[in-house]
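> Sharing a structure here in structure tokens format.
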Amino acid sequence: MGLTLRGLLAPLAAATTTVLVAAGPAASGTTATPVPAPAPRADLSHHGYVSLWGDRVEIRIRSENRGPADVTASTLRLRFSAPLAARQELPYGCLRGGAATVLCETGGLRSGGGARQTALDLTLADGPDEVVVRLDTVWSGGARDTDRKNDAHEVLAPATGDAYAF
């Protein structure tokens, strides 16, 4: 069974949790009022490098969660300033999100636990002199991330074959 965008992002629809709180004594005939539960806090971070040579882009990403809450799963989005070639071999857990977009799941990320590695070797439609890669978290398992500086990056990679860190 192949990975689909619906399967990767389906947890978004189920991300809302409702807690029922009694408004008064049960004998008074009052009914429970739904109150949304507060979203747990997490601090996702993505770091790594981008390298471009010819029409090839190599990206290595280390994703981790600094907590305080665990994240059951998250989705990382990579957007490119140049379109990707039509035929791509993507790693398990990644799929195309458009002509110049790839979405990858990171799996569960425990608070203060080990990091998850994502490795992509992609082909661009042409061989540009440079490419801009924008990375960000588009879904964090329902957790609220108050520090977005370490999980949203924009990297300019000239076609030198050098690794440009983020």
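> Can you tell me what percent of all Cα-Cα pairs in region 53-131 are more than 18 Å apart?
Everything past 18 Å amounts to 44 percent.
> Can you give me the long-range amide H partners of Arg56? Hydrogens built in the peptide plane at 1.01 Å from N, cutoff under 5 Å, separation of 5 or more residues or another chain.
Leu124
> Trypsin sites (Lys or Arg not before Pro), restricted to region 62-104: which are DSSP loop and have at most 10 other Cβ atoms within 10 Å?
Arg87
> Another question, then. Could you order Glu58, Glu89 by accessible surface area, starting with the largest, using a probe radius of 1.4 Å?
Per-residue accessible area, sorted high to low, gives Glu89, Glu58.
> Additional query: Which sequence of Asp43, Asp121 reflects their accessible areas, 1.4 Å probe, from the largest down?
Asp121, Asp43
The values are calculated or read from the model by the stated rules, or taken from the named source; none is laboratory data. Given the structure is predicted, the values throughout are model-derived calculations rather than measurements. Glycine also receives a Cβ, built like all others from the backbone with ideal geometry; neighbour counts cover every protein chain displayed. Calculation scope for accessible area: heavy atoms of the full protein, side chains included, ligands and nucleic acids excluded. Shrake-Rupley method; radii C 1.70, N 1.55, O 1.52, S 1.80 Å.
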